[in-house]
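> Would you mind keeping the following structure in view while I ask a few things?
The values are calculated or read from the model by the stated rules, or taken from the named source; none is laboratory data. Computed from a predicted structure; not experimentally measured. Cβ placement follows ideal geometry from the backbone for every residue including glycine, while neighbour counts extend to all protein chains displayed.
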Amino acid sequence: MTDFDEALTVFAAEVGPDGPVCVRGGGTRWSLGGEAAPDTREVRAPAGIVAFEPAEMTVRVRAGTPVVALHEELAAAGQRTALPERAGGTVGGALMAGESSIARLGRGPVRDALLQARYVCADGRIASAGAGTVKNVSGFDLCRLLVGSLGTLGLVGEVLVRTFPVGKSERWVRLAGTDPGAVRSCHTAASVLWDGTDVWTLLSGYEVDVDEDLGRLGACEEVDGPPELPLHRWTCTPAEATAFDVRNGTAGRFVAEIGVGVVHASEPQPSRPVEPGVAELNRRFKERFDPTGRLNPGRDPLRRP
C-alpha cells in the first residue's frame, strides 16, 4: 500500500525484520500476560492524531497517543471513544490489553471500538486490517483478533477508532446500603458499580433523561466519581459479578462492574485452566502470524486470571 504516512514507515523500520522486539507505551499494563523476555528490544509506537471526522464519528490516531490527550482533543466536538483512561495509558496499550472502561455498560467493549488497524508484521512489513467504515467485516475479523493479543501477533502503529457523543449531562451518584437492582429502571446508567454494600452509578445522557432517572432513584448522594478501584481485575460472567461476595473466595475488598462481568479486587484472581481447544487455537494463530516468536516474547494473552 502507498498511503502509509512517514511516522508509520519509520516505526516499521525501527521494528525491523528480525530479533526479539516489543512496544512500550505508558507501561500501565506492562506485566499483563507476563514480562517480556530478557534482551527484548523496546520500541515506541508513533503518537498523534492523524484525522478526526466528527460527522463520521471516527478518529484515526497513532497507537502511542495517550488516551487522555486523545479525549481532550475530541471533547471540543463533544465526542470521545470507548477506550479507558489511565494516567499515561496509550491508545495501543488499551487495545492490546483488551481493557474496556468502567463505563462499558453504556459505551460498549473496547473490541467494538476498533474499525481498522495498521500494524507491523513479524517480518517487518506493514499490514492493514479492517476498513474505514463501521460495517466493514465480511468473513474473518482480524481487528477483533488483535484486541487483547498483547502485541504478540503484530505491533500496532495506527488505528481507526469509532467515537460517540459525550452525554450532555453526566453525574456519578452513590446509593448507600442497597443492591444493584436499585438502578435497574434507569435508562441512562452507563456504569453500575457495587462493593457488596453500596452502589455507584454514572448517569449519562440528555439532562431531562438524567433528571428523570435521578427521580427514580430517590435518596442518593451525588459524588465526584467512582470509588477507588482495587488493583486486580477478575473476569467472570455478569451474573457472577452481580452475586459476587467477598465471603465466597479470596478476593479481599472488591468493586464489581454490574452487567459486564468484571470485578476489581484487592487480591489476584486464582489461576484458571485454559481449555485445550482455546490453547491450541492460540498456538496456531501465533505460529501463523509470528512463526519465529519475536513479537513480545515472554508474554501470553492466555496467561491471565
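> Whether any residue in the stretch 93-102 is more than 20 Å from Thr152 (Cα to Cα) and of a type in the set (Gly, Ala, Ser) is what I want to check.
Checked the stretch 93-102: at least one residue is more than 20 Å from Thr152 (Cα to Cα) and of a type in the set (Gly, Ala, Ser).
> Here's a follow-up. Find the residue count for the stretch 41-81, including only residues that are in a strand (DSSP E or B), under 22 Å from Leu295 (Cβ atoms) and in contact with a Lys or Arg (Cβ under 8 Å, 6 or more places away or on another chain).
Of all residues in the stretch 41-81, those in a strand (DSSP E or B) come to 41-43, 49-53, 58-62, 66, 79-80.
Then keep just the ones that are under 22 Å from Leu295 (Cβ atoms); that gives 41-43, 61-62.
From what's left, in contact with a Lys or Arg (Cβ under 8 Å, 6 or more places away or on another chain): 42-43.
Residues that pass the stated criteria total 2.
> Could you say whether any residue in the stretch 158-178 is under 17 Å from the mean Cα position of the chain (by Cα) and part of a helix (DSSP H, G or I)?
Within the stretch 158-178 (the criterion being under 17 Å from the mean Cα position of the chain (by Cα) and part of a helix (DSSP H, G or I)), the answer is no, since none of the residues qualifies.
> Next question, about the same structure. Please name all residue pairs, on different chains or six or more residues apart, with Cβ atoms under 8 Å, provided the first residue is in the stretch 128-148 and is modelled with pLDDT of 90 or more and among the β-branched types (Val, Ile, Thr) and the second residue is surrounded by 15 or more Cβ atoms within 10 Å (Cβ to Cβ) and in a loop (DSSP other than H, G, I, E, B).
Hits for this filter: Val147/Gly98.
> Any idea which of Val208, Val120, Val161 is among the hydrophobic types (A, V, I, L, M, F, W, C) and without any contact (Cβ under 8 Å) to a residue 12 or more places away in the chain?
Going through Val208, Val120, Val161 in turn, the sole match is Val208.
> Something else: Go through (1) of a type in the set (A, V, I, L, M, F, W, C); (2) farther than 20 Å from Asp300 by Cα; (3) at pLDDT 95 or above and name the single condition Val156 misses.
(2)
> Look through the stretch 2-54, keep the residues that are surrounded by 13 or more Cβ atoms within 10 Å (Cβ to Cβ), at pLDDT below 90 and over 14 Å from Asn296 (Cβ atoms), and return whichever of them is nearest to the chain's Cα centre (by Cα).
Thr28
> Separate question: Looking at the stretch 205-216, is at least one residue hydrophobic (A, V, I, L, M, F, W, C), modelled with pLDDT under 95 and assigned to a loop (DSSP other than H, G, I, E, B)?
Within the stretch 205-216, not a single residue is hydrophobic (A, V, I, L, M, F, W, C), modelled with pLDDT under 95 and assigned to a loop (DSSP other than H, G, I, E, B).
> Let me ask something additional. Looking at the stretch 79-92, which of the residues that are surrounded by fewer than 21 Cβ atoms within 10 Å (Cβ to Cβ) and either among the acidic types (Asp, Glu) or at pLDDT 95 or above (or both) is nearest to Arg29 (Cα to Cα)?
The qualifying residue nearest to Arg29 (Cα to Cα) is Glu85.
> Search the stretch 25-37 for residues that are under 19 Å from Gly48 (Cα atoms) and pair each with any residue that is among the polar types (S, T, N, Q) when their beta-carbon atoms are under 6 Å apart and the residues are at least 6 apart or on different chains.
Gly25/Thr90; Gly26/Thr90
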